[in-house]
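What follows is a short report on a single structure.
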Amino acid sequence: MSILDPNSDAKNKLKIASLVEAEEAFLAKARTNANSVYFSQHHIEPAKPVKGDSSKGVDPLQRPQNRRHFLASVAVLASSSVAGRAIAQTTTPPEGKAPPGAVWRSVPEDATKIPGTAIGEDGGYGTRSQFETEVRWRFGTKTPLSSWSMTPLEHGVGIITPSGLHFERDHGGIATIDPATHKVFVHGMVKQPKKFSMLDVKRFPSISRILFIECSGNGLTEWSKPTLKTVQGTHGLVSTSEWTGVPLSTILNEVGVKSGAKWLLVEGGDAAVMTRSIPIDKAMKDCFLAYGQNGEAIRPEQGYPLRLIAPGYEGNTHIKWVRRIELSDKPFMTREETSKYTDLLPSGKAVQFSLIMDAKSVITRPSGEMTLSGPGFYEITGLAWSGRGRIKRVDVSTDGGRTWKPAGLQGPILPICQTRFRFPWVWDGKEAILQSRCVDETGYVQPTLGQLIEVRGLNGPIGSIYHLNAIQSWKVDTEGRVSNVHYY
Amino acid sequence: MFTTTKLFLQVTACGALFALNTYAVGADPVRYGFGEPASAHDLQDFVSSLPDGRDLPAGSGTISRGKQVYDEKCASCHGQKMEGGVGDRLLGGRGTLVNNDPKKAPVKTVESYWPYATTLFDYIKRAMPFYTPGSLTNDEVYSVTGYILSEANILKGDEPITAESLAKVAMPNRDGFIPDHRPDHFKPADKHPRLR
């Protein structure tokens, strides 16, 4: 299944409708979970006052939070111990039903009065807390073998995406590959074709870089009207990990590049045998074959045991399960760089090899479907990233782009990496439109959707599909409810 | 012994270089000698294709054989008339690419959008049929490629379908692609934004 279906309007609507449906199913669950940023008060009894609580008239962050979703999650993070415990008790999952990635353990009344779980009981590999429920959710394509799942950005803190929450896009399922037998072949316009085992690959000097990967289809539902409700739906095809591996230049030097070689085909060993052509200059400059992600081996759905990292390029070029590299004088014109991942303009011409991801930012909290619990202080926070280098600045507007103020940037500010921004805000209870706009170190300014459409046109409900990097708008209504809107 | 020392010295020099630029992966003078030569035998089963037909495997097919292959192995997902199903629609859409209507989607198919016939061979060979990829012989792939192109009114006649013939096919949208001219430079944003 292609990311979009170009077949007909009816089909497009159908597919986008099923994406909306998938999100709604996810939201329905989240609204009943007090730990979720989407928790809805209608699903739970009002808070009983907690002993010693002085919630009235103090900083809203200090209040016990089992009734409002946005603040509820803030409370978990801020971990005011009273509020934290109140939540733990109201969200105890039913026996035996831990969320994915967690193990169910009974919750004592008072964890100071009874020993905890024995060390080693986890078999030596830890799991996340049973109270943490965020998951990627998948677009309900007709076949789950070609689909994608999105990162819950609204839960994220810092800049690293937990490996298990890193977005994925697979075209033929997730391959299972034994590293003991896996080989990478390098051939074509080289002096000595070679094959490398994983042991060979790991013997080379390695590098590590913290980099974002973004699918160029991120946000494709949002071209003509606000469609998905949450930031996970509108922006969840971007994630950041620390990747470790071997520079492609080292590998290419090992085989000896013949003069005249200009492109290389990188091929995956999955059932889609995914391929993309990469310019050799890019390969020599900063591409690498990664076997490590966030301090351990790459996850299967991220391409275990070996994935191409092409810093700043669209996600599809980061070929997973790499088994072969072929050098050539010309691009191979594979299906994924002709039929897909080309940006069709109203003129009928399509931009090809639009590889670099432009600068983009989004407010992750507060974001769509959260509710503010009343006027007062809120920290607006989000992420900014650029395929062309470092983020230089992020501005935040709370009046729909009429006025802008600089947000604080959390270090480290790394090139081609997500940068966390924060902006203190006192909500006066009136309607507000929240936006963020980033500038990268090349001086590129993130456009409004209107500006982007002026350049790319809007030829069909999902326009040119790929490379939507416009400013996102979240409307806060007088009730504090946050929703996805188009405002430019 | 001598070579080991030499390699060691080179590696040390190279290490100093790396230290200057954390991400430097530029010219790397060192050969580590890891890995083994790949033989022609090792590489014989890999398939890739260049638009001029280089790299495509030997073999040939016919349109009539291609119809059999299609009906048996493709129609269940792509439809009797290639109108699409679980798999993409493969035919139609010519004349829909020039389009400024936000309500109407352009129809991008093999017929209307794909610039090279070699890509069709390559993609079917590597990824189709979806549940049993890599199960078709090269002749079957040449055949079904030819059949799709003939249903698209791109190929006619009884000529055998081969690497050379696919390279010569003039796809309708062959000249439909332009290079990337980004980054765009955006004018200052509208000072009177509103809800849309």
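Checked against (1) under 30 Å from A:LYS340 (Cα atoms); (2) crowded, with 19+ Cβ neighbours inside 10 Å, A:ILE207 passes all but a single condition, namely (1). The listed residues are A:THR151, A:THR133, A:THR117, and the only one of them that is open to solvent by 60 Å² or more (accessible area, probe 1.4 Å) and among the polar types (S, T, N, Q) turns out to be A:THR117.
Among the conditions (1) open to solvent by 40 Å² or more (accessible area, probe 1.4 Å); (2) outside any loop (DSSP other than H, G, I, E, B); (3) of a type in the set (Gly, Ala, Ser), B:SER135 misses just one, which is (2).
Select from the stretch B:164-176 the residues that are within 11 Å of chain A (Cβ to nearest Cβ) and either open to solvent by less than 30 Å² (accessible area, probe 1.4 Å) or closer than 17 Å to B:ASP122 by Cβ (or both) and list them in ascending order. Within the stretch B:164-176, B:MET171, B:ASN173, B:ARG174, B:GLY176 qualify. Can you find a residue in the stretch A:423-440 that is closer than 20 Å to A:ALA407 by Cβ, within 12 Å of another protein chain (Cβ to nearest Cβ) and in contact with a Leu (Cβ under 9 Å, 6 or more places away or on another chain)? Scanning the stretch A:423-440, I find at least one residue that is closer than 20 Å to A:ALA407 by Cβ, within 12 Å of another protein chain (Cβ to nearest Cβ) and in contact with a Leu (Cβ under 9 Å, 6 or more places away or on another chain), so the answer is yes. Looking only at residues of the stretch B:97-123 that are of a type in the set (D, E, K, R) and free of Cβ contacts under 8 Å to residues at least 12 places away in the same chain, we find that the one that is farthest from A:LYS15 (Cα to Cα) is B:ASP101.
Consider B:THR109 against the criteria (1) of a type in the set (Ser, Thr, Tyr); (2) open to solvent by 20 Å² or more (accessible area, probe 1.4 Å); (3) within 13 Å of chain A (Cβ to nearest Cβ): it satisfies all of them except one. Which criterion is unmet? Exception for B:THR109: condition (2). Exactly one residue out of A:PHE196, A:PHE185 is within 12 Å of another protein chain (Cβ to nearest Cβ), under 25 Å from B:SER48 (Cβ atoms), open to solvent by less than 20 Å² (accessible area, probe 1.4 Å) and part of a strand (DSSP E or B), and it is A:PHE196.
Scanning the stretch B:179-190 turns up one or more residues that are within 14 Å of another protein chain (Cβ to nearest Cβ), part of a strand (DSSP E or B) and not basic (Lys, Arg). Residues considered: A:PRO366, A:PRO375, A:PRO346. Of these, the only one that is out of contact with any helix residue (DSSP H, G or I) (no Cβ under 7 Å at 6 or more places or on another chain) and more than 9 Å from every other protein chain (Cβ to nearest Cβ) is A:PRO375. Taken over the stretch A:172-230, the criterion of being in contact with an Asp or Glu (Cβ under 6 Å, 6 or more places away or on another chain) and among the aliphatic types (A, V, I, L, M) is satisfied by A:ILE174, A:ALA175, A:ILE210, A:LEU228. Does A:ARG335 satisfy the criteria of being open to solvent by 10 Å² or more (accessible area, probe 1.4 Å) and more than 13 Å from chain B (Cβ to nearest Cβ)? When the stated conditions are applied, A:ARG335 does not pass them. Taking the condition within 23 Å of A:GLY156 (Cβ to Cβ) and part of a loop (DSSP other than H, G, I, E, B), does A:LEU468 pass? Spelling it out, A:LEU468 is indeed within 23 Å of A:GLY156 (Cβ to Cβ) and part of a loop (DSSP other than H, G, I, E, B). Scanning the stretch A:311-318 for any residue that is closer than 18 Å to A:VAL201 by Cα and open to solvent by less than 10 Å² (accessible area, probe 1.4 Å) turns up at least one such residue. A single entry from B:ASP71, B:ASP55 fulfils the requirement of being at pLDDT 85 or above and away from chain A (no Cβ under 11 Å): B:ASP71.
Within this structure, A:SER208 fails the test of being in a strand (DSSP E or B) and touching a His at 6+ places or on another chain (Cβ under 8 Å). Evaluated against (1) at pLDDT 95 or above; (2) more than 23 Å from the chain's Cα centre (by Cα), B:PHE18 falls short on exactly one condition, (1).
Candidates are the residues of the stretch A:210-225 that are out of contact with any strand residue (DSSP E or B) (no Cβ under 9 Å at 6 or more places or on another chain) and open to solvent by 30 Å² or more (accessible area, probe 1.4 Å); the one that is nearest to the other protein chains (Cβ to nearest Cβ) is A:SER224. Here A:SER354 meets each of (1) assigned to a loop (DSSP other than H, G, I, E, B); (2) buried (at least 24 other Cβ atoms within 10 Å of the Cβ); (3) within 12 Å of another protein chain (Cβ to nearest Cβ) with one exception, condition (2). Picking from residues in the stretch B:27-43 that are in contact with a Pro (Cβ under 9 Å, 6 or more places away or on another chain) and modelled with pLDDT of 95 or more, the one that is nearest to the other protein chains (Cβ to nearest Cβ) is B:ALA38.
Only residues that are open to solvent by 60 Å² or more (accessible area, probe 1.4 Å) and assigned to a strand (DSSP E or B) were counted across the stretch A:398-441, and they come to 5. Check B:ARG94, B:ARG126 and return the single one that is open to solvent by 40 Å² or more (accessible area, probe 1.4 Å) and either touching a residue at least 24 places away in the same chain (Cβ under 8 Å) or in a helix (DSSP H, G or I) (or both). Selected residue: B:ARG94, the only one of B:ARG94, B:ARG126 that is open to solvent by 40 Å² or more (accessible area, probe 1.4 Å) and either touching a residue at least 24 places away in the same chain (Cβ under 8 Å) or in a helix (DSSP H, G or I) (or both).
May I ask you to list the residues in the stretch A:333-368 that are touching a residue at least 12 places away in the same chain (Cβ under 8 Å) and at positive phi? Hits for the stretch A:333-368 are A:MET333, A:TYR341, A:PHE353. Within the option set A:LYS229, A:LYS202, A:LYS142, being part of a loop (DSSP other than H, G, I, E, B), over 19 Å from the mean Cα position of the chain (by Cα) and either closer than 30 Å to A:LEU409 by Cα or of a type in the set (Lys, Arg) (or both) holds for one residue only, A:LYS142. Does A:GLU134 count as in contact (Cβ under 8 Å) with a residue 24 or more places away in the chain and not in a loop (DSSP other than H, G, I, E, B)? So A:GLU134 does not fit the description; no.
The values are calculated or read from the model by the stated rules, or taken from the named source; none is laboratory data. No experiment lies behind these values; they were computed from the predicted model shown. Glycine gets a Cβ as well: all are built from the backbone with ideal geometry, and neighbour counts include every protein chain shown. Accessible surface is based on the protein model in full, side chains and every heavy atom, while ligands, DNA and RNA are left aside. Shrake-Rupley method; radii C 1.70, N 1.55, O 1.52, S 1.80 Å.
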